[in-house]
Amino acid sequence: MKIYSIIPAAGSGERMQALQSKTLIPIKGIPAIYMAVKKLCDFSDKVFVVIREEEQKSFSETLKGLPVEFVKGGATRRESVQNALNKIEDLNSIVLIHDGARPLISKTLIKNIIATAKEFGTAVPAVKITDTIKRSLDGNYIGATVDRSELYTVQTPQAFRADWLKEAYFSFSDSTTDDAALIEKLGKKIKMVQGERENIKLTYKEDIALAEKISGFSFPTVGFGYDVHKLTEGRKLILGGVEIPFDVATHAVIDALLGASALGDIGSLFPDSSKEFKDINSLSLLIKVNNILAEHGLMPYNIDVTIAAQMPKLFPFIPAMRKNIADALNIKEEFVSVKATTTERLGFEGRGEGIAAYAVASVCR
Ligand code: CTP
Ligand code: MG
């Protein structure tokens, strides 16, 4: 039985007051829509993302590499979903509908929803209400206390047999914000699945901070990098992007980032036997590495570099190095530390034969 996913993301986000689709807003650096679509792709035969035409370019860039088909949105959520539903012909399938504005959906919930829909023909994630509910007729004074024991809030993804969903959409023209409501009207029983409190919908501005908080508990991975450069008379010296053809500081940072991401090392990714990389500026390499991390859903969190050099005094160059590294990685300078030390004239650094750099990087998923 095939699984189709419809992800409506064509709303105007009035309550969010965002300048572009609220689903493009990053949560801890990753666009909300990417988080939602990526997870659903793993469980779907086909994923339809419903968007506003004028945002096609932004969505194509954001979802680059993911196997999705874009569908033109409508004036209401209902119309948006319907436009995608019209593209599904296989009546013997399950259709999942998931708000593009719910990035924190878990794979476990997706699996439960699919399994339940396969068995019952319907599946809707529901969460029991925990606050006491009051009714007010005038918005000023409480009129009554409502018994909450039978009350639930429902979320997405909701999943239904394609034939029932199509029949419901064909039979009723209600502009509902919830697909289950139409299936209810059709007289089908809707099976509830335990929803997840983290599965919030980005509706108001403050939901962005909340989503970041909820998703912020994953521990970063940490990597270590080390690089040495032999000092030769008459050769330029650059550290952290501040003049030298062989930049030990940036090379150590690259290895630390790749280490934290378990993606190999600078030598394997950018062999200096290759013409393309032989004399490439180290900060350009760092930008390339940052892009490679992003392709794997990773982003640098912080960097700490220690440069061991007897000469020259590096202190005056440190602010510029921090800025260069932070800019290349698109993170704030306060997350980039560069320190320098002499080795008290001991070892190769102390004798002025070379410079070494040690870097630690942490990377978040
Ligand atoms: N949606 C859609 N087409 C519409 C309206 C909404 O595809 N015409 C999508 C939204 O992009 C969102 C989901 O449906 O992913 C849930 O809707 P909601 O949270 O209400 O988003 P908006 O309608 O964009 O926000 P608002 O109601 O505040 O304008
Ligand atoms: Mg809306």
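Please indicate, with yes or no, whether at least one residue in the range 106-119 is of a type in the set (A, V, I, L, M, F, W, C), assigned to a helix (DSSP H, G or I), without any contact (Cβ under 8 Å) to a residue 60 or more places away in the chain and more than 16 Å from Ile6 (Cβ to Cβ). Yes; the residues of the range 106-119 include at least one that is of a type in the set (A, V, I, L, M, F, W, C), assigned to a helix (DSSP H, G or I), without any contact (Cβ under 8 Å) to a residue 60 or more places away in the chain and more than 16 Å from Ile6 (Cβ to Cβ). Considering only the range 47-88, state which residues are assigned to a strand (DSSP E or B) and either out of contact with any strand residue (DSSP E or B) (no Cβ under 8 Å at 6 or more places or on another chain) or near ligand 1 (Cβ under 9 Å from one of its atoms) (or both). Passing the criteria: Val50, Ile51. Residues of the range 169-180 that are more than 13 Å from ligand 1 (Cβ to nearest atom) and within 15 Å of Arg77 (Cα to Cα): Tyr169, Phe172, Ser173, Asp174, Ala180. Among the residues of the range 64-78, those identified as out of contact with any Asp or Glu (no Cβ under 9 Å at 6 or more places or on another chain) and within 16 Å of ligand 2 (Cβ to nearest atom) are Gly74, Ala75, Thr76.
Of the strands (runs of 3 or more DSSP E) lying entirely inside the range 288-365, those containing at least 2 residues that are within 18 Å of the chain's Cα centre (by Cα) span 299-308, 354-364.
So which of Ile183, Ile190, Ile142, Ile208 is among the hydrophobic types (A, V, I, L, M, F, W, C) and within 14 Å of ligand 1 (Cβ to nearest atom)? Steps first, please.
Values: Ile183 fails: within 14 Å of ligand 1 (Cβ to nearest atom); Ile190 fails: within 14 Å of ligand 1 (Cβ to nearest atom); Ile142 fails: within 14 Å of ligand 1 (Cβ to nearest atom).
Result: Ile208 is the single residue among Ile183, Ile190, Ile142, Ile208 that is among the hydrophobic types (A, V, I, L, M, F, W, C) and within 14 Å of ligand 1 (Cβ to nearest atom).
Scanning the range 173-220 for residues that are touching a strand residue (DSSP E or B) at 6+ places or on another chain (Cβ under 7 Å), of a type in the set (A, V, I, L, M, F, W, C) and in a loop (DSSP other than H, G, I, E, B) yields a total of 1.
Condition test on Ala209, is it modelled with pLDDT under 95 and either in contact with an Asp or Glu (Cβ under 8 Å, 6 or more places away or on another chain) or of a type in the set (A, V, I, L, M) (or both)? Working first, answer last.
Working: modelled with pLDDT under 95: yes; either in contact with an Asp or Glu (Cβ under 8 Å, 6 or more places away or on another chain) or of a type in the set (A, V, I, L, M) (or both): yes.
For Ala209, the condition - modelled with pLDDT under 95 and either in contact with an Asp or Glu (Cβ under 8 Å, 6 or more places away or on another chain) or of a type in the set (A, V, I, L, M) (or both) - is met.
Only a single criterion out of (1) in a loop (DSSP other than H, G, I, E, B); (2) in contact with a helix residue (DSSP H, G or I) (Cβ under 6 Å, 6 or more places away or on another chain); (3) away from ligand 2 (no atom under 16 Å from the Cβ); (4) closer than 27 Å to Gly216 by Cα is not satisfied by Leu91, namely (4). Does Ile27 satisfy the condition of being farther than 15 Å from Ile88 by Cβ and not charged (D, E, K, R)? Yes; evaluated as a whole, the condition is true for this residue. Of the residues in the range 39-51, at least one is within 16 Å of ligand 2 (Cβ to nearest atom) and closer than 26 Å to Tyr169 by Cα.
Within the range 1-46, the set of residues being assigned to a helix (DSSP H, G or I), surrounded by fewer than 24 Cβ atoms within 10 Å (Cβ to Cβ) and among the charged types (D, E, K, R) comprises Lys38, Lys39.
Every test in (1) in contact (Cβ under 8 Å) with a residue 40 or more places away in the chain; (2) more than 16 Å from ligand 2 (Cβ to nearest atom) is passed by Ser60 save one, and that test is (1). All of (1) more than 14 Å from the chain's Cα centre (by Cα); (2) modelled with pLDDT under 95; (3) within 13 Å of ligand 1 (Cβ to nearest atom) hold for Pro31 with one exception: (1).
The values are calculated or read from the model by the stated rules, or taken from the named source; none is laboratory data. This one's a predicted model, so the numbers in the text were calculated from it and none came from an experiment. Quick reminder, even Gly has a Cβ in these numbers, built from the backbone with ideal geometry, and neighbours come from all protein chains shown.
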